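Here the structure is laid out as structure tokens; the discussion comes afterwards.
The values are calculated or read from the model by the stated rules, or taken from the named source; none is laboratory data. All of these numbers come straight from a predicted model, not from anything done at the bench. Positions of Cβ are generated from backbone atoms using ideal geometry, with glycine treated the same way; all protein chains shown enter the neighbour counts.
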Amino acid sequence: MDVRQPLQLLAGLSPTQFMRQHWHKKPLLVRQAIPGFKPPVPRAALLQLAGREEVESRLVQHKDGQWLLRHGPFSRRSLPSLQTREWTVLVQGVDLHDDATHALMQQFAFVPQARLDDLMISYATDGGGVGPHFDSYDVFLLQALGRRRWRIGRQKNPTLIEGMPVKILAHFEPEEEYLLEPGDMLYLPPGWAHDGVAEGECMTYSIGFRSPERAGLAHEVLLRVAEAAADEDDAPIYRDPRQSAVATPGAIPAQLQQFAREAVQHALAQPGALERALGEALTEPKPNVWFEPSSSRGLFERVVLDRRTRMMYDDQHIFINGESYHAEGPDAELMQRLADERALPPQALAHASDEVLQTLSAWCDAGWAHA
Ligand code: SIN
Ligand code: CO
């Protein structure tokens, strides 16, 4: 993607300008971000997805001043009727189940894949919504069907109404109001309060991002670093020839604490250990994702990553679905291109090394890519 090219998707801003002026900073309303937008997942298909065990879905209903929350899967009969007002069903990760939705999300790949999370679709009847709240993530809210009235504001008071199953701001302070029509889009940075209310039947697509929280990321990375360290051969064993006799046997020897400190530092100091652990963690497939193995023909003209595949890279490695490969030279360049573009055309494959072709073929067999 040429990130200096102005995009209708971003109200005529280039991705570079958008990231500099709006990302994480201020909202952007885009009228007709996608002109003539036809939602790839119609209502019936969405409600069917909400009925599947492996799909994460929620029902939010506003009834007699109360907010109700139920988790899916939902059979069609367990949802309120289409004539009932003020309910919404939210289906997470639709990009994992539908190629066109996945392709739509990739229009936002001017943000690193490591930050792109998923595409959620909500369906609401008249008056439906999830109430005034704020999220800790950036979001693009693309209006897909019908109209939704958004009120947004920088919230000074983050107090939530107590005892509600969903996060509802106790004192919502809207500053701006927009009525979104199909194809319109609203970008919101983290922390901006928002309340979207359906005006008639309504579908909204949310392109969401993941922002790792420090402690959780440390947990994931350290776990992987620890696993790699456990595989190390000839690791030294603790020795204490100078240990004196103790009258306080409960006390941990300072020398053992030092040994532990050095063991952890050693594991983290291995070249690429942290980078490898991070890349593997970031490309770990989402829970409930499985691939359908298929037998590739060995020779192929082009390769396309499966929509569920997560692929990233750093200077030394290629990461795919939680695994890492050391790569350099032209092989690395080719794999980096595959990670960036999610496909390799025939011209690119014509010069691929045998090793790359074998790896690609194994990925196709695993269902991670398709020839
Ligand atoms: C919705 O689509 O109704 C909810 C999106 C959001 O507020 O984050
Ligand atoms: Co929200």
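For the range 60-75, check the following and say yes or no: at least one residue is in a loop (DSSP other than H, G, I, E, B), of a type in the set (Gly, Ala, Ser), more than 16 Å from ligand 2 (Cβ to nearest atom) and closer than 19 Å to Pro189 by Cα. Scanning the range 60-75, I find no residue that is in a loop (DSSP other than H, G, I, E, B), of a type in the set (Gly, Ala, Ser), more than 16 Å from ligand 2 (Cβ to nearest atom) and closer than 19 Å to Pro189 by Cα, so the answer is no. Selection of the range 316-330 for residues being charged (D, E, K, R) and either within 11 Å of Leu282 (Cβ to Cβ) or modelled with pLDDT of 95 or more (or both) yields only Glu323.
Under 7 Å by Cβ, and 6 or more places apart or on different chains, what pairs join a residue from the range 155-166 that is over 15 Å from Ser136 (Cα atoms) and in the same structural domain as Leu188 (by TED's automatic domain parsing) with one that is surrounded by 11 or more Cβ atoms within 10 Å (Cβ to Cβ) and aromatic (Phe, Trp, Tyr)? Listed pairs, sorted by first residue: Met164/Trp67; Pro165/Trp67. The set of residues in the range 104-141 that are within 14 Å of ligand 2 (Cβ to nearest atom), closer than 19 Å to Gly200 by Cα and either part of a strand (DSSP E or B) or free of Cβ contacts under 8 Å to residues at least 12 places away in the same chain (or both) comprises Ile121, Ser122, Ala124, Leu141.
The single condition from (1) more than 19 Å from Ile121 (Cβ to Cβ); (2) modelled with pLDDT of 95 or more that Val41 fails is (1).
Filtering Val89, Val94, Val30 for residues that are closer than 24 Å to Glu199 by Cα and touching a Phe, Trp or Tyr at 6+ places or on another chain (Cβ under 6 Å) leaves a single hit, Val89. Looking across the range 140-158, the residues that are under 27 Å from the mean Cα position of the chain (by Cα) and surrounded by fewer than 16 Cβ atoms within 10 Å (Cβ to Cβ) come down to Arg149, Arg154, Pro158. Look at (1) within 24 Å of His24 (Cβ to Cβ); (2) part of a strand (DSSP E or B); (3) out of contact with any Phe, Trp or Tyr (no Cβ under 8 Å at 6 or more places or on another chain); (4) more than 10 Å from ligand 1 (Cβ to nearest atom) and you find that Lys156 fails only one, number (2).
One line per residue, one yes/no per condition, for (1) more than 30 Å from Thr88 (Cβ to Cβ); (2) modelled with pLDDT of 95 or more:
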residue	(1), (2)
Asp184	no, yes
Trp192	no, yes
Ser206	no, yes
Ala228	yes, no
Arg239	yes, yes
Leu274	yes, yes
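Based on what the data block shows, is Arg151 within 13 Å of ligand 2 (Cβ to nearest atom) and basic (Lys, Arg)? Answer is yes for this residue.
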